[in-house]
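The values are calculated or read from the model by the stated rules, or taken from the named source; none is laboratory data. Just so it is clear, the structure is predicted and the values come from calculations on it, not from any experiment. Heads up, the Cβs are rebuilt from the backbone with ideal geometry, glycines too, and the neighbour counts pull from every protein chain shown. Keep in mind that these areas ignore ligands, DNA and RNA; they rest on the heavy atoms of the full protein, side chains included. Shrake-Rupley method; radii C 1.70, N 1.55, O 1.52, S 1.80 Å.
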Amino acid sequence: MLNDDEGKSILSISFNNTDLDAYVVEFKIATLKDCEVWGKYGINGVPDDKNHDVYIKTRGSGRMSKITPKDLIVNFQSSLLKITVKNVNYPQNTTTDPLTFILRCEGNELVFKSTFFGSFSAQAFFIGPTPIQFDEIFLNFDDRLAESPHVLATFFSVIVLSVLAVIPLRRADKRDKIYWTYLPLIDNPDEGHSIFLSVQTSTSSPRTMSANVYIELVGTTGRTGPRILSDGVRQNFCRGTSSHFVLVTSASIGKLKKLIIWHDNGGKNPRWCLSKVVVLEEETKEKYMFLCQEWLCLDCDDGQTWRRLHPTITEIMDDNIVFRESSRKRFYDDFLWISLIHRPNYSVFTRVQRLWTLIGMLFLAMLTSAMWYDTSQNESSTAFGNLKIGPFTFSYRQIYVGVVSSFISLLPSLIVISIFKYRRLRGDANSTEDIWTWLKEYYIPAIWPKFNTANKPLSAYQQRFLSDQLSYRLGHTRMRQARVHGNCTVDPVMAEEVKICKHDYTLAQESNINYCPGWKPFNVSCFEYEDNNQANEEIDASFLYFNSTSTKSLYHFGKFAIYDGGGYTIYLGPKQSIVMDYVEQLRALGWIDLNTRVLFIDTNSFNPSTRLFSHTQTVFEMSAFGDVIRKSETYSMNLYPYVTISDFIILALQLLFCVILCIKIVRLFREGYLYRFGCLRRFVFYCDVFDILLGLAALVSFILRILCSIEAIEDIRNDMSKY
């Protein structure tokens with residue numbers, strides 16, 4: 001086969017076989033674009049678009065748009081074009097005339113194969129991909145969907161199953177976070193020297209362990225004494241988990257020489273296989289590893305429920321132990337599919353992130369495989385033969401496409417995995433500064449304006465309005481924060497990455513004690529000043545805790561947590577200069593710091609033109625990892641229910657509602673009197689009862705709303721200066 005300058009593939013053949021009256025010419029076309037085939041008998045030149053005896057035009061992998069002559073027997077399926085050519089000289093028992101074929105496609109290789117002389121092809125070791133014509137796919141989407149509906153069904157099935165799988169995986173992530181947290185032992189003293197313990201249970205251990213576990217650390221200068229390994233929160237020592245504790249001693253015990261660990265063999269499942277114990281000294285940062293890999297149970301091995309372990313020196317550790325520990329970690333951490341089910345090792349790469357990474361890799365592999373879908377297998381690929389492994393047979397093309405598509409999808413997959421797995425936890429050193437900047441540059445000038453849009457000073461009366469000069473500011477603005485207390489413990493594995501560890505917000509971790517200014521430990525003397533001019537009661541009071549009853553605030557459902565109504569509050573107003581001074585003092589004292597988890601800023605206003613009262617709340621949520629989310633919402637209501645004509649129409653409808661409700665109640669009692677207990681057997685009776693109960697609930701709610709509105713209006717009228 002030769003190629004001319006126009007990109008045509010030319011093949012001239014003749015057959016001397018006189019035993020058959022026809023023969024078949026096969027073309028395997030490795031393209032989905034248009035191809036043209038011309039054929040001509042004789043030796044008088046090559047065929048072209050004007051001079052030919054045979055003409056076929058193909059498109060895609062199985063469609064033909066034109067055939068000449070009409071009675072030509074031709075078949076085109078799966079990129080394989082078969083042309084049946086009759087031997088016109090068969091009756092004379094002579095050879096047929098030479099037949100020349102011209103094959104031209106748009107830039108792709110093709111293979112010619114006849115049933116007489118074998119195959120002819122351009123020798124190509126590499127199999128090129130076929131461009132995916134997305135415009136053609138969506139142009140004929142209905143036809144393609146009818147031809148292969150299973151593709152779309154598979155796609156949506158994977159997406160739906162993945163979304164459903166997120167729910168249990170998210171719960172598992174939260175459970176992992178609890179297990180990986182270093183919690184104090186229940187018998188710890190209030191203060192002392194902290195030692196971090198990581199007790200790893202083998203995957204060979206039973207699913208749960210019911211016995212109480214005890215430990216004693218022996219050092220060069222002392223010992224801890226028997227201590228129970230229980231935090232009072234988690235179910236520890238489950239199969240394949242790492243249980244983390246903080247053990248506090250009254251004094252340092254020096255360098256560790258050994259530890260003794262045992263259990264009381266209590267409960268239904270006392271059998272326990274201990275993998276290892278890792279100990280980290282808080283002050284010296286020295287790390288000790290105590291390998292065990294033995295059972296602690298009466299019916300296992302030597303029948304002992306205790307072990308005496310000595311620190312393992314990493315440099316002389318047995319190679320088998322190193323291999324086993326490394327293999328265990330890599331098996332559960334590096335194999336993404338396995339780590340969805342079980343993830344005993346600490347990692348910032350969550351299960352949900354791993355799931356969507358896997359789904360992305362799956363679709364990427366499907367996309368790369370589609371690039372070689374329906375491409376022809378050229379003769380060079382068949383020359384290598386097939387590889388047989390048991391009942392399976394693999395062709396060169398299958399191996400080639402698998403390897404190349406894997407390499408194409410490998411790099412994006414590694415990038416995505418690295419982003420999640422090796423990302424650093426962000427601190428919030430700048431987030432608090434951004435909040436102060438936002439307050440000074442945007443919020444305060446909007447709530448307490450001094451200049452109009454033309455940059456001209458506002459009068460004292462105009463400064464009582466917001467910057468829109470439409471809404472009247474009611475009372476002071478309140479800032480309230482909820483915070484956590486203390487520092488969390490850092491997993492030794494992440495000690496180099498995470499320098500500061502703060503708790504997430506929970507009701508148990510919420511700080512509800514009083515402080516001196518600057519979040520210093522509370523002391524009555526910090527609020528006593530020799531010079532009264534130094535006293536600032538508003539600033540000092542902002543470091544005192546007020547519960548939800550005092551703040552009159554409800555729970556807030558945020559992005560990171562559900563926040564209690566209590567907290568540390570300060571009231572800002574009545575003019576901009578005072579507010580700016582307060583904000584600068586709070587900023588200097590670090591009122592918003594790394595322990596702040598949420599900041600609420602509440603302002604009330606009244607629009608005389610619409611007679612609407614509005615409450616604007618801006619919420620800053622700050623996670624332990626430094627994420628800051630700002631959300632602002634405005635709630636408006638009409639506390640004066642009957643002012644305009646339309647309001648009195650609503651009043652008339654409300655009175656009608658009360659009349660109808662009274663009629664329904666009378667009818668219900670009448671039916672009860674007439675039918676006695678027989679009405680209890682009627683379904684309509686229960687529907688009427690439910691309808692009346694809903695009406696009464698609506699009526700009671702409306703009355704309570706009116707009473708609360710009257711109380712709120714009276715509070716605003718009596719004291720316009722408070723929040």
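Taking amide H atoms as placed 1.01 Å from N in the peptide plane, the amide H of E282 lies under 5 Å from those of S194, F196, each 5 or more residues away in sequence or on another chain. Measuring with a 1.4 angstrom probe and ignoring ligands and nucleic acids, Y23 comes out at about 10 Å² accessible. For F196, the solvent-accessible surface with a 1.4 Å probe is about 20 Å², rounded to the nearest 10. This model, with +1 at the C-beta of Lys and Arg and -1 at the C-beta of Asp and Glu, gives the stretch 650-695 a dipole about its Cα centre of some 200 debye.
Per-peptide packing, taken as the mean over residues of other Cβ atoms within 10 Å, places 142-155, 233-246 in the sequence 233-246, 142-155 from highest down.
Distance between the modelled labels on T610 and S646, one decimal in nanometres: 1.2 nm (7 Å Cα→Cβ projection). Taking a point 7 Å out from the Cα of S162 in the direction of its Cβ, the residues of the stretch 396-417 whose backbone N falls within less than 20 Å of it are 405-417. The ellipsoid that matches the Cα gyration tensor of the stretch 639-722 has semi-axes, each √(5λ) in whole angstrom, of 38, 15, 8, with the longest given first. Computed over the stretch 173-238, the range of Cα coordinates on each principal axis works out to 37, 24, 17 Å, biggest value leading.
On the protein heavy atoms, probe 1.4 angstrom, tell me the percent of accessible surface of the stretch 225-312 carried by carbon and sulfur.
47 percent
Given points 7 Å out from each Cα along the Cα-Cβ axis, report the E714 to M289 separation in nanometres with one decimal. Result: 7.2 nm between the two label points. Over 28 Å apart at the Cα level, from the set K50/K86; K177/K287; K174/K440; K257/K520; K450/K552, are K174/K440; K257/K520; K450/K552. Between M637 and Q585, the FRET efficiency estimated from the beta carbon spacing at R0 = 30 angstrom works out to 0.30.
Only protein heavy atoms count here; under a 1.4 Å probe, F685 has an accessible surface of about 30 Å². Charging the Cβ of each Asp and Glu at -1 and of each Lys and Arg at +1, and nothing else, the dipole of the stretch 541-660 about its Cα centre rounds to 120 debye.
With R₀ fixed at 30 Å, the C-beta to C-beta distance from S525 to C501 puts the FRET efficiency at about 0.40. The order of the peptides 651-657, 466-472 by mean Cβ neighbours within 10 Å, most packed first, is 466-472, 651-657. According to the Kirkwood relation over distinct C-alpha pairs, the hydrodynamic radius of the stretch 561-666 is 18.2 Å. Computed from label points 7 Å out along Cα-Cβ, the spacing between I703 and D299 is 6.8 nm. Farthest toward the positive end of the dipole of the stretch 656-704, out of L674, I703, L656, is the Cα of L674, where the dipole comes from beta carbon charges about the Cα centre. Note on surface exposure: T220, T84 rank T220, T84 by accessible area, highest first, 1.4 Å probe. Ordering of 627-635, 676-684, 594-602 by packing is 594-602, 627-635, 676-684, highest average first (other Cβ atoms within 10 Å, averaged per residue).
Quick check: with the 1.4 Å probe, what order do H615, H485 take by accessible area, largest first?
Per-residue accessible area, sorted high to low, gives H485, H615.
Here the 3J(HN,Hα) profile of the stretch 220-225, calculated from phi with Karplus coefficients 6.51, -1.76 and 1.60 at θ = phi - 60°, is 6, 10, x, 9, 7, x Hz, Gly and Pro shown as x.
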